[in-house]
Each structure stands twice: as structure tokens, then as C-alpha cells.
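Enquirer: I have a structure here, written as C-alpha cells, and I will follow up with some questions on it.
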Amino acid sequence: YCFFDGAMDQQLLQRRRLEADLRRAVEEAALYLHYQPIACLTRHQIIGFEALVRWDHPALGAVPPAEFIPLAEENGLIREIGEFVLGRACAEAASWERPLKIAVNMSPAQIVQDDIADIVGSILARTGLAPERLELEVTEGTLVSNPEKAVAALSALQASGIQIAM
């Protein structure tokens, strides 16, 4: 049993509002990427960048990815957000003068999509980025929910030349 608590109701209401705002942000392309450099300390040079998705909410300001990514995974928006991030990051990296690597985080929900290898391949073809310049970063949790499907997807992506980091 549980007693009604006004704070719980308020939290649920805030979460629903944030979910609606996130949906609107995806529809209106209000998310953007921040690029964090990856350095090789032995060579003292930048060897790539990690693409990090960011969201500046009109009223709340910067919403941390740790807050909106789980929400996107729960309500099915992660596919759209993931494709946006991967597409934008690959297009940006393809335009760089130097062939630096681009690292993109992928959620467990993305990896177990039936067509993830096709989606990534299509984005690489569209942007012209060589597969060996892309590194997909996944968490160990990717293997927990559906290990067979995750391993098959990661193997297919790796076989195409993409690097996988865990």
C-alpha cells in the first residue's frame, strides 16, 4: 500500500511536462551537439572528438543528459535522438580537414534495434564518413537486456569497420 503524497504527484507532473518538452525539442531540432576533444598524451595531439548531445530547455536551462536520455529511452524518443546525433556527428566529422575519429555514445535501446547496422551504414553512406573513423561507445549494460541480439549487432557493426568501445 502507499499513501498519497503531494510531492509524488508533483514529481510525476514535472516528469510528464519534461517528456512533452523533450518530444517538442526533438520535433523542432532543438537538441545540439557539443564536441569534446580526445587527446593522445604520448603524441601530444588531438586524435578525435566525442559527440555529446545537449538540450537547453527554454525555461529550465541546460538539462543534463543523465536526466533526458533515460526519459527518451522510456518513451521511445531515443531512436530519433540517436539517429540525429549520429547523423550530425558523422556529417561534421566528414567535413574536417584532418581524418580524425568521431566517437558517439549509443544507448542499449539503440543497439538492440533490429535495423541498427543498416541505420548506421546508411548514415555513413549519406555523410561520406569512412567507417574506420567512427567509434560507437556502448555501456556494459547493453549486453544485459538481450545479450544475443546485442552481440550480433555489435559484431555486424564491427565487421563493417566501425570501432566499438565499451
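Enquirer: What is the angle, in °, between the Cα long axis of helix 65-75 and the longest principal axis of the Cα atoms in the chain? Nearest 10 is fine, range 0 to 90.
Expert: Once rounded, the angle reads 80 degrees.
Enquirer: Under a GNM of the chain (C-alpha, springs under 10 Å), which listed residue has the highest mean-square fluctuation: A125, A93, A117?
Expert: Residue with maximal mean-square fluctuation among A125, A93, A117: A125.
Enquirer: Sticking with this one: What FRET efficiency comes out for the pair E140/N75, r = Cβ-Cβ distance, R0 = 25 Å, nearest 0.05?
Expert: Once the sixth-power term is evaluated, E becomes 0.60.
Enquirer: If you don't mind, there's one more thing I want to ask. Using only Cα atoms and rounding to the nearest 10 degrees, what angle (0 to 90) does helix 78-94 make with the longest principal axis of the chain?
Expert: The angle comes out near 30 degrees.
Enquirer: Right, next: Average projected area of the Cα convex hull of segment 40-135, in nm²?
Expert: 7.7
Enquirer: In addition: With label points built 7 Å along Cα→Cβ from the Cα atoms of A29 and D115, find their separation and express it in nm.
Expert: Those two pseudo-labels are separated by 2.1 nm.
Enquirer: Separate question: In whole Å, what are the Cα extents of segment 74-123 along the three principal axes, biggest one first?
Expert: Principal-axis extents of segment 74-123 (Cα, largest first): 38, 18, 13 Å.
Enquirer: Any idea what angle helix 6-27 forms with the longest principal axis of the chain, computed on alpha-carbon atoms, 0 to 90 degrees, nearest 10?
Expert: Its long axis makes an angle of about 40 degrees.
Enquirer: Could you give the length gained by full extension between R15 and S122, i.e. 0.36 nm per residue of separation minus their alpha carbon distance, to one decimal place?
Expert: The span from R15 to S122 would gain 35.1 nm if fully extended.
Enquirer: Once you put a point 7 Å from the Cα of D56 and another 7 Å from the Cα of A152, both along the Cβ direction, what distance in nm separates them?
Expert: Simple spin-label model gives 4.3 nm for this pair.
Enquirer: Ok, one more. Rounded to the nearest 500 deg cm²/dmol, what is the calculated helix-only ellipticity per residue at 222 nm for the chain, with -39500 (n - 2.57) per DSSP H run of length n ≥ 4?
Expert: -15500 deg cm²/dmol
Enquirer: For segment 100-166, just the Cα set please: Rg and Dmax, both in angstrom.
Expert: Expressed in Å, the Cα Rg and Dmax of segment 100-166 come to 11.1, 33.
Enquirer: While we're on this one: Along Cα→Cβ, 7 Å out, is where each label goes; now give me the distance between the ones at E97 and I38 in nm to one decimal.
Expert: Each label point lies 7 Å from its Cα, and together they span 2.2 nm.
Enquirer: Return the sequence-ordered ³J(HN,Hα) values of segment 150-160 in whole Hz as given by the Karplus equation 6.51 cos²θ - 1.76 cosθ + 1.60 applied to θ = phi - 60°, using x for Gly and Pro.
Expert: Running phi through 6.51 cos²θ - 1.76 cosθ + 1.60 with θ = phi - 60° gives 5, 5, 4, 5, 5, 5, 5, 5, 5, 5, 7 Hz.
Enquirer: Over all distinct Cα pairs, what is the inverse of the mean 1/r for the chain, reported as the Kirkwood hydrodynamic radius in Å?
Expert: In the chain this quantity evaluates to 17.3 Å.
Enquirer: Can you order the peptides 59-70, 105-116 by their average number of other Cβ atoms within 10 Å per residue, highest first?
Expert: Top of the packing list down: 105-116, 59-70.
Enquirer: Of the beta bridges DSSP finds with both residues in the chain, what % are antiparallel, to the nearest 5?
Expert: Values: 13 of 24 bridges.
Antiparallel bridges: around 55 percent, rounded to the nearest 5.
Every number in this text was worked out from the coordinates using simple rules, so none of it is lab data. Keep in mind the model is a prediction, meaning the values are calculated, not measured. We place every Cβ from the backbone using ideal geometry, glycine too, and count neighbours over all the protein chains shown.
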